[in-house]
Amino acid sequence: MRRVLKFVMVAATLAVVYAPVKAHADGYVSPFIGVNFDNNSGGGRANFGVNAGGMGAGIIGGELDLGYAPSFFGNQGTYGSNYVLDLMGNVIVGIPIGGTHGAGVRPYGTVGLGLIRSQVTGGVNGLVETANNDVGMNAGAGVMGFLSDHVGLRGDVRYFRTFNDSSSISGQGVNVDFGSFHFWRASFGVVIR
């Protein structure tokens with residue numbers, strides 16, 4: 001019985017000592033629309049997606065970026081069904097001007113790693129089919145402006161690049177080198193915290 005009592009007392013003490021402290025994260029979700037640029041294939045083509053994250057103590061946080069650019073390489077008549085998808089885990093650093101509640105502005109910088117998936121199905125004569133899942137990075141900057149406690153606007157510009165130098169598509173009138181695959185994305189959206 002003494003062993004059980006000692007175990008219960010030690011377990012209770014450890015539970016009190018290591019109990020989690022109330023978190024003060026500033027979480028948000030931000031659906032966006034945007035445009036790709038500085039890429040011969042994807043320049044001027046639309047994209048959309050969502051960012052979700054949290055800012056611990058209001059300055060440094062983490063963010064998940066999911067972006068989708070349909071018909072990135074060109075229209076479906078020439079390239080068939082094609083797209084670029086990115087899924088990135090980012091570190092975000094932003095200083096809240098005006099506080100973390102109510103109206104205010106938060107300029108930020110972000111950098112991260114993740115997946116850049118590019119796929120072409122079809123092409124001229126329907127003979128080109130390829131899909132690449134490459135490790136990539138992104139880096140960018142932007143600003144969040146809050147109109148109230150929970151709703152605001154967000155705009156940012158990000159650079160995306162793959163790390164893989166060996167994936168490419170060539171033939172049938174299509175020539176894309178994914179080893180040097182990169183593009184910029186400018187986006188705008190609503191932010192809800």
Problem - Meets criteria (aromatic (F, W, Y), at pLDDT below 90 and in contact with a helix residue (DSSP H, G or I) (Cβ under 6 Å, 6 or more places away or on another chain)) for F73 - result: yes
Exercise for the section: Check the stretch 38-52 and report whether any residue there is surrounded by fewer than 15 Cβ atoms within 10 Å (Cβ to Cβ), of a type in the set (S, T, N, Q) and at pLDDT below 85. Expected result: yes
Practice task
Among the residues of the stretch 90-135, write down those that are small (G, A, S), surrounded by 14 or more Cβ atoms within 10 Å (Cβ to Cβ) and under 19 Å from N47 (Cβ atoms).
Solution key: G112, G114, S118
Practice task
Could you please tell me which pairs satisfy a Cβ distance under 8 Å, a separation of 6+ or placement on different chains, a first residue in the stretch 53-64 that is within 16 Å of G99 (Cβ to Cβ), and a second residue that is among the hydroxyl-bearing types (S, T, Y) and in a strand (DSSP E or B)?
Solution key: M55/Y28
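Out of the residues in the stretch 33-83 that are polar (S, T, N, Q) and under 15 Å from the mean Cα position of the chain (by Cα), state the one that is farthest from E129 (Cα to Cα). Give the derivation first.
Here is the first cut: in the stretch 33-83, the residues polar (S, T, N, Q) are 36, 39-41, 47, 51, 71, 75-76, 78, 81-82.
Now restrict to residues that are under 15 Å from the mean Cα position of the chain (by Cα): 36, 47, 51.
Working: N36: 23, N47: 22, N51: 30 Å.
Looking at residues that are polar (S, T, N, Q) and under 15 Å from the mean Cα position of the chain (by Cα), I get N51.
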Exercise for the section: Return the total of residues in the stretch 97-112 being modelled with pLDDT of 85 or more, in contact with a Phe, Trp or Tyr (Cβ under 9 Å, 6 or more places away or on another chain) and either farther than 18 Å from V190 by Cβ or of a type in the set (K, R) (or both). Expected result: 1
Practice task
Hey, could you check the stretch 136-163 for residues that are over 18 Å from the mean Cα position of the chain (by Cα) and buried (at least 17 other Cβ atoms within 10 Å of the Cβ) and say which is nearest to Y83 (Cα to Cα)?
Solution key: G152
Practice task
Please determine, by comparing only the residues of the stretch 40-87 that are in contact with an Asp or Glu (Cβ under 8 Å, 6 or more places away or on another chain) and acidic (D, E), which one is nearest to D149 (Cα to Cα).
Solution key: D65
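The values are calculated or read from the model by the stated rules, or taken from the named source; none is laboratory data. Because the structure is predicted, anything quoted here is derived from the model rather than measured. Cβ: placed from backbone, ideal geometry, glycine included. Neighbour counts: every protein chain shown.
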